[in-house]
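Working notes, beginning with the structure itself.
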Amino acid sequence: MTTQKISMEEMLSRTARFKELKASKEAFVDTRIPGHEREIFNVIGEGVTEDSILEVAITAVEGFNVTYIGADPGKGAALHSHRTVEVFYAMTGCWALYWGDKGDQEIEMATMDMVSVPAGVMRGFRNIGNKYAYMMAMHSATDAGRVTWSPKVLELARQTGLELDDDGYLLS
């Protein structure tokens, strides 16, 4: 059996260097709501990002998307759901993952912990450590779809001036 050959140029197109990643501070409709400020880095594929101009480091998407999230203590994502499984991996620091229609269930994640959230479950997360930390989110699809937000989150976002268009991208 022979293996697939790949050139250096192609392998480099499939390489993401952290120091070269471009972040968005408004990648989602909730990012102006106090407590939900964070940075989003699209590593593999667009994922579920609502910022249509956020650059993607690796465009070859073959069954999954990877996003890095950076947040200060107490900051993270508001309640939302996806049509795909979402896996969270605490790269640094400590994080809380909360879920349920009201976010009333919660599990703490230490560095290197991982949680797999089933499709359709309302979930959110926040940095519960004492310094800026990173988490990785992976979606189990080539096309990860769009975010479904809690109606309360969408109303709070409108009050900050952020809304989504019919395709699920932020209106500017």
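The values are calculated or read from the model by the stated rules, or taken from the named source; none is laboratory data. The model shown is predicted, which means the values in this text are computed figures rather than measured ones. Neighbour counts are summed over all protein chains in view; Cβ atoms, including those assigned to glycine, are modelled from backbone coordinates with ideal geometry.
Values for this structure:
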quantity	calculated
From 48, 43, 85, 66, residue being of a type in the set (A, V, I, L, M) and within 19 Å of residue 150 (Cβ to Cβ)	48
Residue ID - nearest to the chain's Cα centre (by Cα), chosen from residues in the stretch 58-114 that are among the polar types (S, T, N, Q) and assigned to a strand (DSSP E or B)	67
Residue in the stretch 129-141 that is free of Cβ contacts under 8 Å to residues at least 40 places away in the same chain, under 17 Å from the mean Cα position of the chain (by Cα) and surrounded by 21 or more Cβ atoms within 10 Å (Cβ to Cβ) present	no
Selection status of residue 53, modelled with pLDDT of 95 or more and over 17 Å from residue 115 (Cα atoms)	no
Residue within the stretch 35-46 that is farther than 16 Å from residue 170 by Cα and without any contact (Cβ under 8 Å) to a residue 12 or more places away in the chain present	no
Options 81, 116: the member that is surrounded by fewer than 19 Cβ atoms within 10 Å (Cβ to Cβ), of a type in the set (Ser, Thr, Tyr), more than 20 Å from residue 18 (Cβ to Cβ) and touching a residue at least 24 places away in the same chain (Cβ under 8 Å)	116
Any chance residue 15 is at pLDDT 95 or above, among the polar types (S, T, N, Q) and surrounded by fewer than 19 Cβ atoms within 10 Å (Cβ to Cβ)	yes
Matching residues in the stretch 135-172 - criterion: being in contact with a helix residue (DSSP H, G or I) (Cβ under 9 Å, 6 or more places away or on another chain) and outside any loop (DSSP other than H, G, I, E, B)	149, 164
Filtered residue count, the stretch 143-167, keeping only those that are of a type outside the set (A, V, I, L, M) and under 15 Å from the mean Cα position of the chain (by Cα)	5
For residue 126: the one exception among (1) in contact with an Asp or Glu (Cβ under 7 Å, 6 or more places away or on another chain); (2) within 21 Å of residue 157 (Cα to Cα); (3) in a strand (DSSP E or B)	(1)
Counted residues, the stretch 39-78 - those being surrounded by 23 or more Cβ atoms within 10 Å (Cβ to Cβ), in contact with a Ser or Thr (Cβ under 6 Å, 6 or more places away or on another chain) and among the small types (Gly, Ala, Ser)	1
Boolean, residue 96 is closer than 22 Å to residue 25 by Cβ, free of Cβ contacts under 8 Å to residues at least 60 places away in the same chain and touching a Gly at 6+ places or on another chain (Cβ under 9 Å)	yes
The lone exception for residue 141 - which of (1) under 22 Å from residue 23 (Cβ atoms); (2) at pLDDT below 95; (3) of a type in the set (A, V, I, L, M) it fails	(1)
